[in-house]
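To start, the structure under review is shown below, and the notes come after it.
The values are calculated or read from the model by the stated rules, or taken from the named source; none is laboratory data. All of these numbers come straight from a predicted model, not from anything done at the bench. Positions of Cβ are generated from backbone atoms using ideal geometry, with glycine treated the same way; all protein chains shown enter the neighbour counts. Note: areas computed on protein heavy atoms with side chains; ligands, DNA, RNA excluded. Shrake-Rupley method; radii C 1.70, N 1.55, O 1.52, S 1.80 Å.
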Amino acid sequence: MNLQKLTIKAQEAVQEAVLCAQRQGQQAIEPEHLLSSILKVGEQVTQFIFQKLGVSQKAVSQALEAQIGSLPRVQGGEPYLSRTTNDVLLKAEELAHKAGDEYITLEHILQALLKVNNTAGKILKDAGVTEKEMEAAIKEETVRFCYNVTLRTTTERREVFGKGEDKKDEYVDEGAQAAAAAQGGPQQGMKVPPREKKQETIRREFPKVGRNDPCPCGSGKKYKKCSYYYY
């Protein structure tokens, strides 16, 4: 099982499962450790799902704690994924592939725990969780998450645009105007702020006279030596 295929949250859950086993003096990482870590790392996800299913997360946690406490303890040795835990993660990878997901999420692992024969999955089922209801709750949780992100983004954009309306007369967006001009004018639906009026160039009413040129007053003197120059 390639752990790099897990999302960051799922990787954190596996790491927490290892720590959970080590704290108990246990070497094999069992599905019970994994589920317990998911409840801790992915608390927001599991709270929504369990509440939707009418399942007490506290009761599930207590059952897991009791089961983990009964697992055998081993002195020394490196922690490793048990065969059952590896099967759960492989099943989660299969579910992610079927869903068209590139990475394995906490939700995929929760579903896999119900599909693979293991004690953690039995604890979930005894609490009233079924595969079908779990799948429906996960879909709703995913939609809720995406909606909240979209809503927040839209709201923030409206706030920015609202502030921009108050400020748009204070500056000239030359970049936007240049892009619009390059395409033959403003795109449909695109507002280009009005260009600031440029200061008019002051033009001379008479031709410029050089300092060494004859003075236009008719005195015959050079312009620089004529009293007319100093007016």
Two-site label geometry, Gln22 and Glu102: point separation in nm, points 7 Å out along Cα→Cβ: 3.1 nm
Over 20 Å (Cα to Cα) - which of Lys58/Lys125; Lys58/Lys115; Lys52/Lys132; Lys98/Lys139; Lys5/Lys58; Lys5/Lys132 fall in this group: Lys58/Lys115; Lys5/Lys58; Lys5/Lys132
Relative contact order [Cα under 8 Å, 6+ residues apart], the range 1-55, whole percent: 33 percent
Estimated inter-spin distance, Lys125 and Lys40, nm [label 7 Å along Cα→Cβ]: 2.7 nm
Theoretical gain in end-to-end length, Lys139 to Asn2 [0.36 nm per residue, Cα-Cα removed]: 46.8 nm
Segment Lys9-Gln51, extension gain: residue separation times 0.36 nm, minus the distance between their alpha carbons: 13.1 nm
Percentage relative contact order, the range 1-154, counting C-alpha pairs under 8 Å, at least six apart: 29 percent
Carbon plus sulfur fraction of accessible area for the range 55-131, probe 1.4 Å, in percent: 47 percent
